[in-house]
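Asks: Below is one structure. I have some questions about it.
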Amino acid sequence: MTLLTTPRLEMRELVAEDAAFVLELMNDAAFVEFIGDRGVRTLTDARRYIEHGPWTRYSTGFGLWLVSLRDTAESIGICGLLRRDVLPQPDVGFAFLARFRSQGYAREAAEAVMALGRE
């Protein structure tokens, strides 16, 4: 089910079982401030977000993928290619839990996503 790997990370499609992680990430203060409040307050909301957001885009080659650490499989963020109406080209989107920021994970994930997009 792994889509991409890097020296430290694995990336795959989000599944319903990732709801607890999505709930935590989407209620992170920086996520709400810089990305927006998605109204995800419960596990049911998080499952709904996965089902009506990322799942609907995967078949097009776009969407946000779960990023986890290769050595522990701990979920640390999301990253992927997004199609935004206001931009002429695909965009890279990402968000990571606070304890995993400033360690180069976002850059590593984004580089892998951009390489996939070029293919």
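Read-outs throughout are calculated quantities, based only on the coordinates presented, and are distinct from any laboratory measurement. Being a predicted model, the structure only gives us computed values, none of them experimental. Cβ placement follows ideal geometry from the backbone for every residue including glycine, while neighbour counts extend to all protein chains displayed.
Asks: Can you tell me the length gained on complete extension of the stretch residue 100 to residue 71, counting 0.36 nm per residue apart and subtracting the Cα distance?
Replies: Details: separation 29, 0.36 × 29 = 10.44 nm, distance 1.43 nm.
Difference between extended and current length: 9.0 nm.
Asks: Next question. Which residue, chosen from 114, 75, 16, occupies the Cα position most advanced towards the positive end of the dipole of segment 2-118, where the dipole is computed from +1 (Lys, Arg) and -1 (Asp, Glu) charges on Cβ about the Cα centre?
Replies: Comparing the listed Cα positions along the dipole, 114 ranks first.
Asks: Can you give the log10 of the normalised intensity I(q)/I(0) at q = 0.13, 0.16, 0.21, 0.22 Å⁻¹, computed with Debye over equal Cα scatterers of the chain?
Replies: -0.46, -0.72, -1.31, -1.43
Asks: Of all DSSP beta bridges in the chain, what percent run antiparallel (nearest 5)?
Replies: 100
Asks: Next question, about the same structure. Starting from the Cα of residue 84, move 7 Å in the Cα-to-Cβ direction to define the label point; list residues of segment 18-43 whose amide nitrogen is under 19 Å from there.
Replies: 26, 30-39
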